[in-house]
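The values are calculated or read from the model by the stated rules, or taken from the named source; none is laboratory data. A quick note: this is a predicted structure, and the numbers were derived from the prediction, not measured. Positions of Cβ are backbone-derived with ideal geometry, glycine not excepted, and every protein chain shown enters the neighbour counts.
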Amino acid sequence: MFVGVSMGYDDSAHRRLNPLTGEWVLVSPHRTKRPWQGQLEEPDRTSLAAHDPDCYLCPGNVRAGGAVNPDYSDTFIFTNDFAALLPETPDLPPVTDELLVAEAEPGVCRVLCYSPRHDLSMARLGRDRARGVVDAWCGEFADLGGRADIGYVQIFENRGQVMGCSNPHPHGQIWATGSVPMYPAAEDLRQRDYLARNGECLLCRYLARELAEGERLVFRNGSFAVVVPFWAVWPFETMILPARHMGSILEMTPAERDDLAEVMVRLGIRYDNLFETSFPYSMGIHQQPVDGRDHPHWHFHLHYYPPLLRSRSVRKFMVGFEMLAMPQRDLTPESAASRLRAMAEDHYLERG
Ligand code: H2U
Ligand code: ZN
């Protein structure tokens, strides 16, 4: 139990620091006094076809730009037809006017289909298919990371309409940029600083504490642990942390790639079971920049940011105070971890 509990932190308003970014979150546990009312909605049993003739990601279909998808049977990667970043971006001279600063941003945007099956999410892909996704991520990271015009590779997935994802077909994206984007850059700075001050990796130290305390640990396997971070902003936010110090996904052994696939599937099932719906989220991998330098301070990890709060239709909004001052939550990270810990690992749609 974290030391603050004995001081009343589980019961009164406080703020917590995210050591990876330097951001604070306001926690108001006194607002959750009323008892949990349990399931308020029927399970979502919407079923999708295995192949949708109107889906731009299904095998053999035509995409918006006119390209035709191959009849793929595993994963499938293509360059985003509406890419936000382009490799042939002109090398504009930087603008460093006193308050008006701008520079060119070259890059690459790709889309990765996890499976030819239109109807399966990561939670229902199975471990072998999920391992295929991990291998595809590693291939993309190696390919894009090796380019002279790329400084950072962001692998991510938007899942569900509430997250602005237009298509249920299981897929993720890869955006590679010339510069290191804002959030990974903040984590880079603070991990570097922690190592310099303590002679130890920030996330190695943090994981050791979470494993010792157990309160925010959801589950673990041989190579990875899932925790609701102490500083979680979203109600059921989690982090997947490798037990071993690794700066990027390319350092994983084959067994660790299997374990990452397993941990993602198991977490996906627990999330889907929580509100008996295909759980929406944005998830992504934070790892070391690909600028050719050494980054001994980097410990790669995955963040899951799901918006749901109380049921499949009641979400947390980040508005008002959250938008203008700082994020706020009622449910403590410790309670969220205990709810996720209690979830079964058989998918609610696959129960007899
Ligand atoms: P979401 O993962 O947020 O749904 O985004 C899907 C991406 O797929 C989006 O970036 C791209 C969009 O530009 N896309 C194509 O590249 N080709 C298409 O035919 C439609 C969508
Ligand atoms: Zn599809």
- Message: Restricting to the range 68-82, name every residue that is within 22 Å of C138 (Cα to Cα), more than 8 Å from ligand 1 (Cβ to nearest atom) and assigned to a strand (DSSP E or B).
- Response: F76, I77
- Regarding I269, is this residue touching a Lys or Arg at 6+ places or on another chain (Cβ under 9 Å) and β-branched (V, I, T)? yes
- Message: Could you list, ordered by first residue, the pairs with Cβ atoms under 9 Å in which the first is in the range 68-93 and at positive phi and the second is more than 16 Å from ligand 2 (Cβ to nearest atom), at least 6 apart or interchain?
- Response: none
- So which residues in the range 263-281 are closer than 18 Å to G172 by Cβ, among the β-branched types (V, I, T) and touching a strand residue (DSSP E or B) at 6+ places or on another chain (Cβ under 9 Å)? V263
- Give the range 254-280 a look and list any residue that's more than 13 Å from R131 (Cβ to Cβ) and of a type outside the set (F, W, Y), or say none. R266, L267, G268, I269, R270, D272, N273, L274, E276, T277, S278, P280
- Item | Lone qualifier among G160, G172 - being at pLDDT below 95, within 16 Å of ligand 2 (Cβ to nearest atom) and within 25 Å of R312 (Cβ to Cβ) | G160
- For the range 109-134, name all the residues that are touching a Leu at 6+ places or on another chain (Cβ under 6 Å) and among the aliphatic types (A, V, I, L, M). V134
- Restricting to the range 169-200, what's the tally of residues that are surrounded by 19 or more Cβ atoms within 10 Å (Cβ to Cβ) and assigned to a loop (DSSP other than H, G, I, E, B)? 4
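For (1) under 24 Å from Q173 (Cβ atoms); (2) out of contact with any Lys or Arg (no Cβ under 6 Å at 6 or more places or on another chain); (3) touching a residue at least 12 places away in the same chain (Cβ under 8 Å); (4) in a loop (DSSP other than H, G, I, E, B), each residue gets a yes or a no:
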| position | (1), (2), (3), (4) |
| --- | --- |
| R244 | no, yes, yes, yes |
| A261 | yes, no, yes, no |
| P289 | yes, yes, yes, yes |
| D294 | no, yes, no, yes |
| L331 | no, yes, yes, yes |
- Message: Within the range 130-143, does at least one residue satisfy the condition of being within 11 Å of ligand 1 (Cβ to nearest atom), closer than 30 Å to G292 by Cβ and of a type in the set (F, W, Y)?
- Response: no
- Look through T32, T89 and report the one residue that is of a type in the set (V, I, T), away from ligand 1 (no atom under 16 Å from the Cβ) and more than 23 Å from V108 (Cβ to Cβ). T32
- Message: For the range 142-156, check the following and say yes or no: at least one residue is farther than 13 Å from I249 by Cβ, charged (D, E, K, R) and either crowded, with 20+ Cβ neighbours inside 10 Å or touching a Ser or Thr at 6+ places or on another chain (Cβ under 7 Å) (or both).
- Response: no
- Task: Output yes when any residue across the range 29-40 is closer than 30 Å to E187 by Cα and modelled with pLDDT of 90 or more, and no when none is.
- Result: yes
- Message: For the range 137-155, check the following and say yes or no: at least one residue is among the polar types (S, T, N, Q), touching a residue at least 12 places away in the same chain (Cβ under 8 Å) and in contact with a Pro (Cβ under 6 Å, 6 or more places away or on another chain).
- Response: no
- Message: Condition check: of a type in the set (V, I, T), farther than 19 Å from L331 by Cα, part of a helix (DSSP H, G or I) and at pLDDT 95 or above. Does I240 satisfy that?
- Response: no
- Item | Qualifying position, being surrounded by 14 or more Cβ atoms within 10 Å (Cβ to Cβ), under 21 Å from P170 (Cα atoms) and either at pLDDT below 90 or acidic (D, E) (or both), among D44, D54, D81, D71 | D44
- Restricting the search to the range 70-89, which residues are farther than 16 Å from R147 by Cβ and more than 23 Å from the chain's Cα centre (by Cα)? P70, D71, Y72, S73, D81
- Message: Could you check the range 102-126 and list, in sequence order, the residues that are within 16 Å of ligand 2 (Cβ to nearest atom) and in contact with a helix residue (DSSP H, G or I) (Cβ under 7 Å, 6 or more places away or on another chain)?
- Response: L112, Y114, S115, S121, M122, L125
- Looking only at the range 296-307, which residues are assigned to a strand (DSSP E or B), in contact with a Phe, Trp or Tyr (Cβ under 6 Å, 6 or more places away or on another chain) and buried (at least 22 other Cβ atoms within 10 Å of the Cβ)? Y304
